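Read-outs throughout are calculated quantities, based only on the coordinates presented, and are distinct from any laboratory measurement. All of these numbers come straight from a predicted model, not from anything done at the bench. Neighbour counts run over all protein chains shown; Cβ positions are idealised from the backbone, glycine included.
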Amino acid sequence: MPMNNRNLYVNLLHIGAAMVILCLLGMTIILLCIVFTPHLPSFEVTSLTVTPLPINATAQQNQTVFFHFEGLMQNPNSVLAVWYKKPHLELWFNQFSVASVALEPPHLSNGIQINIPFQVEFTVGSQKVLGEVEVQRRAHGSVNFGITLHAWIKYIFGGIGSKPHFLSLKCYPLQVAFSPQYSVGNESDIGMLVAPNQCHVD
């Protein structure tokens, strides 16, 4: 093979090898960007039981309503863990906040999906709220509530953490259905969530 052709062949090999390396490097960078781009954790209310519903409240009474939550929390990140600080749930009715409660901070490892039960007791003392709940139940046989999860979160990889930022996920509407056998004196009726609700960024 003539020297000129040999040099051309070697140069082409070098150029081809360089292009392959650049392509592999570009694909690696894209893959790392995809893997390390943080995605917000998700929260879904899978069960909500209300016992008892305060139908027969008087103006002088403060009723205690028990809201038993069960939710599915998921970390969609494959390599990033999620750290929570000061998480709390806020209960909504007719677009008004009626109660809130602090939660034990969960720790979600990378790519882990777990069921976290919440048993929360709210004390509702507003006669106006109780009256509106009763009206909605009488009219529809069900009551719509809303829940918002508030927390500071940051993403962690190894010992490196991102800057904390505030997360607010709202679940609405949460339709809680009650027995069609309505009775004013029936305070043992139990309301249950009609269907799970996927929360969205508020």
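Quote the FRET efficiency, to the nearest 0.05, computed for SER168 versus HIS68 with a Förster distance R0 of 25 Å and r equal to the Cβ-Cβ distance. With a Förster radius of 25 Å, E is 0.65. In terms of packing, defined here as the mean over residues of other Cβ atoms within 10 angstrom, the peptides 142-148, 12-18, 196-202, 128-134 line up highest first as 142-148, 128-134, 196-202, 12-18.
Calculated FRET efficiency, ALA177 to GLU104, Cβ-Cβ distance, R0 = 35 Å: about 0.75 to the nearest 0.05.
Measuring r between the beta carbons of GLN136 and ILE30 and using R0 = 45 Å, the FRET efficiency lands at 0.30. Packing, as the average of other Cβ atoms within 10 Å across residues, places the peptides 157-163, 99-105, 89-95 in the order 89-95, 99-105, 157-163, highest first.
Under 5 Å between amide hydrogens, built in the peptide plane, is the criterion, and for LEU167 it picks out ALA151, TRP152, ILE153 among residues at least 5 positions away or on other chains. For the pair HIS88 and THR49, label points projected 7 Å from Cα toward Cβ lie 2.7 nm apart.
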